[in-house]
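Remarks on the structure that follows.
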Amino acid sequence: MDINCPLDKTELKIVNDSRIRRIVPTVRELMGKQAKVIMLAHQSRKGKWDFINLEQHAEHLSKHINAPVRYVDDVLGDEAMKAISETKPGEVLLLGNVRAIDSETAKGDMFMHAEGEIVEKLAPLIDYYVCDAFGAAHRSQCSLVGFPAKVPSASGRLMAKEMFALKAIFENPRRPSVFILGGAKFGDASEMIDRVLGNGMADTVILVGLAGNAYLLARGVDIGEASTKVLQDELTPENLQAAKDILSKYGQRVLLPVDVAVERDGKRVSVNIGDLPSEEPALDIGDDSAEKFRKVIMSSKTCFMSGPAGMIEKEGFEIGTRILMTAMVDSGGQSVIGGGHTGGAAERFDLADRFSYVSTGGGALETFLLGEPLPVIEALKYSMEKFGQ
Ligand code: 3PG
């Protein structure tokens, strides 16, 4: 499963456990069938500040299934083996952060991973492999694609729900269709924009968050040193050129912010693009941008948002995201949001229940929307062909 959660930076505590809540139906169903449920999952990546063990995740899951979840901080060692052998029918065991094992993230396809040490050690101990990790379905990693080649496998309930819901909405989106791309990653934005505008899935793309800032830069706006620095290593000459190409290819179908919000003397201040650069980094879209985008969203019939418009964890800079999300649910059209942080923000604004669909996938959802195969789904299909349903 994908229970990779946002944490707060000081105490390293889970701040939103929606991904944990979403796998509860699968876990409960397996427990009800008297399965011995052995769970594998990751949190972040090695070397990142939020790469921690899964002890808290086990506590959260335990609370939501209303039953004990045993946690061992080990994946393949003696402690894990002992705990697996002690697990009784109907009980749940969560093993340690699977990305602690280097071969988990080694580059390779399902056949290579099927020979990896994780599968080699654990596959003989299990009867079935159930994958409910939609959020990581775009990753060809050992715990995700290696088992289906070795044991009969199935998708979990969340995975199936995600695939059916997203197919139903995006196969024939109602028009006009608007995509809002934001968040803290923008390296893949140009490819995504080209695909969704090119194949007609979207009529308009709104760029906010770091993608918005990067595209402003590509349009020749001097966003200032502080905002440019935040773009870091994703700001390659290739990415900048790709953004320029998108702007000249699609013109007004790609909407950029007309102002940004910065923190000045402890307050949120909107700065027009014409008045940039500013010394302070842009932390959100400005008030005029929010109003401009709100109108576009209100007249849409399908609206998709991936990634927030600003630094939602900072008070006053969640405003842009809140305005866009409120317009999405008020528009009366199909509204879909994706990504760990985006779903969490919708809950914080008390809007989550009003969306047509809230996906647990960020990168996985984008890969799906690009029409590219998801390695985990391909592996599950292979398993079905090999072992039957
Ligand atoms: C996600 O949050 O998108 C998934 O858990 C995958 O995480 P990753 O981008 O570190 O592979």
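The values are calculated or read from the model by the stated rules, or taken from the named source; none is laboratory data. Just so we're clear, the structure is a prediction, and the values are computed from it rather than from any experiment. Reconstructed Cβ throughout: ideal geometry from the backbone, glycine too, with neighbour counts over all protein chains shown.
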Which ones in the stretch 205-250 are β-branched (Val, Ile, Thr), outside any helix (DSSP H, G or I) and within 25 Å of Lys301 (Cβ to Cβ)? Val205, Ile206, Val208
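Residues are listed down the side, and each one gets a yes or a no for (1) within 14 Å of the ligand (Cβ to nearest atom); (2) modelled with pLDDT under 95:
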{"site": "Cys303", "(1), (2)": "no, no"}
{"site": "Ile312", "(1), (2)": "no, yes"}
{"site": "Phe317", "(1), (2)": "no, no"}
{"site": "Thr342", "(1), (2)": "yes, yes"}
{"site": "Leu351", "(1), (2)": "no, no"}
{"site": "Ala379", "(1), (2)": "no, no"}
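Table: residues versus (1) part of a helix (DSSP H, G or I); (2) under 22 Å from the mean Cα position of the chain (by Cα); (3) surrounded by fewer than 16 Cβ atoms within 10 Å (Cβ to Cβ); (4) at positive phi.
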position	(1), (2), (3), (4)
Cys5	no, yes, no, no
Arg28	yes, no, no, no
Leu40	no, yes, no, no
Lys46	no, yes, yes, no
Asp50	no, yes, yes, no
Leu61	yes, yes, no, no
Leu76	no, no, no, no
Lys82	yes, no, yes, no
Going through the stretch 11-34 in order, the residues found to be in contact (Cβ under 8 Å) with a residue 60 or more places away in the chain and more than 16 Å from the ligand (Cβ to nearest atom) are Pro25, Thr26, Val27, Glu29, Leu30, Met31
Output the residue which, of all residues in the stretch 226-244 that are exposed (fewer than 13 other Cβ atoms within 10 Å of the Cβ) and farther than 22 Å from Pro308 by Cα, is modelled with the highest pLDDT. Gln241
Give Gly371, Gly320 a once-over and let me know the one that is surrounded by fewer than 20 Cβ atoms within 10 Å (Cβ to Cβ) and touching a residue at least 40 places away in the same chain (Cβ under 8 Å). Gly371
Arg253, sole failed condition from (1) in contact (Cβ under 8 Å) with a residue 24 or more places away in the chain; (2) over 28 Å from the mean Cα position of the chain (by Cα); (3) surrounded by fewer than 16 Cβ atoms within 10 Å (Cβ to Cβ): (2)
Please enumerate the residues belonging to the stretch 265-285 that are of a type outside the set (Gly, Ala, Ser) and in a loop (DSSP other than H, G, I, E, B). Asp265, Leu276, Pro277, Glu279, Glu280, Pro281, Leu283
Among the candidates Val221, Val178, Val196, Val205, residue that is of a type in the set (Val, Ile, Thr) and within 28 Å of Glu279 (Cβ to Cβ): Val221
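Within the stretch 353-369, can you find the residues that are within 15 Å of the ligand (Cβ to nearest atom) and either in the same structural domain as Ser300 (by TED's automatic domain parsing) or out of contact with any His (no Cβ under 9 Å at 6 or more places or on another chain) (or both)?
Those that are within 15 Å of the ligand (Cβ to nearest atom) and either in the same structural domain as Ser300 (by TED's automatic domain parsing) or out of contact with any His (no Cβ under 9 Å at 6 or more places or on another chain) (or both): Val358, Ser359, Thr360, Leu369.
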Qualifying residues in the stretch 100-139 (those that are closer than 20 Å to Gly340 by Cβ and touching an Asp or Glu at 6+ places or on another chain (Cβ under 6 Å)) - the one surrounded by the fewest Cβ atoms within 10 Å (Cβ to Cβ): Ala136
Could you list, in sequence order, the residues of the stretch 84-139 that are touching a residue at least 40 places away in the same chain (Cβ under 8 Å), in a loop (DSSP other than H, G, I, E, B) and within 15 Å of the ligand (Cβ to nearest atom)? Ile101, Asp132, Ala133, Ala137, His138, Arg139
